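The values are calculated or read from the model by the stated rules, or taken from the named source; none is laboratory data. Every value quoted in this text rests on a predicted model; they were computed, and no experiment measured them. As a convention, Cβ positions derive from the backbone with ideal geometry for all residues, glycine included, and neighbour counts pool all protein chains shown.
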Amino acid sequence: MVEQSFEAPLLRAAGRTVLALPFDPVVVWGARERFHVSGTLAGRPIRGALVRGTTGWHLPVGPAWLRDAGLVPDVPLPVMLQPEGPQADALEPDLAAALADEPDARVFFTSLPTFYRKNFVRWILSAKQPQTRAARIAEWVRLLRAGQRER
């Protein structure tokens, strides 16, 4: 998955501090319901969920994080962001093929928080027999189509 590096200031908007993104994550990373990202802001690790606002996408930055990092709004800062966790495009071929055949399941999978995506993938990859793996992939797709986060 393509990481995005850029410079941007923190902005105050509606009583919150946000990092406005200079790109559209839907265009860069593909359509999904939610974007969970990780990376760095001014050299410090950061992670969170992107929010679509009226003026584009942004990453909310909490007051404790700002205080601890010693950052202030309106000063351009170096930023690197990338989608967090296993991505549908980077899965093993049989998993990717199963999602390619089920667009609704794929959209739901990509919108899940990292924890759930990792657990699903770990469960499937832990199968010792090919038939067990195939059965788990089928169950995984069924659960995703049903909108379930875990088995």
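Things worth noting here:
- Residue count for region 52-77, restricted to those that are of a type in the set (Asp, Glu) and in contact (Cβ under 8 Å) with a residue 24 or more places away in the chain: 1.
- Restricting region 108-117 to residues that are hydrophobic (A, V, I, L, M, F, W, C) and outside any loop (DSSP other than H, G, I, E, B), the residue that is surrounded by the fewest Cβ atoms within 10 Å (Cβ to Cβ): Phe115
- Within region 108-123, no residue that is within 11 Å of Trp140 (Cβ to Cβ) and at pLDDT below 90 sits with its Cβ atom under 6 Å from a residue that is outside any helix (DSSP H, G or I) and of a type in the set (Phe, Trp, Tyr) at 6+ positions apart or across chains.
- Enumerated helices (runs of 4 or more DSSP H) restricted to region 1-106, each holding at least 3 residues that are of a type outside the set (Asp, Glu) and closer than 24 Å to Leu125 by Cα: 93-100
- Among the residues making up region 118-130, those that are under 23 Å from the mean Cα position of the chain (by Cα) and surrounded by 13 or more Cβ atoms within 10 Å (Cβ to Cβ) are Lys118, Asn119, Phe120, Val121, Trp123, Ile124.
- Residue identified as surrounded by 12 or more Cβ atoms within 10 Å (Cβ to Cβ), under 16 Å from Val18 (Cα atoms) and touching a residue at least 12 places away in the same chain (Cβ under 8 Å) among Ala105, Ala49: Ala49
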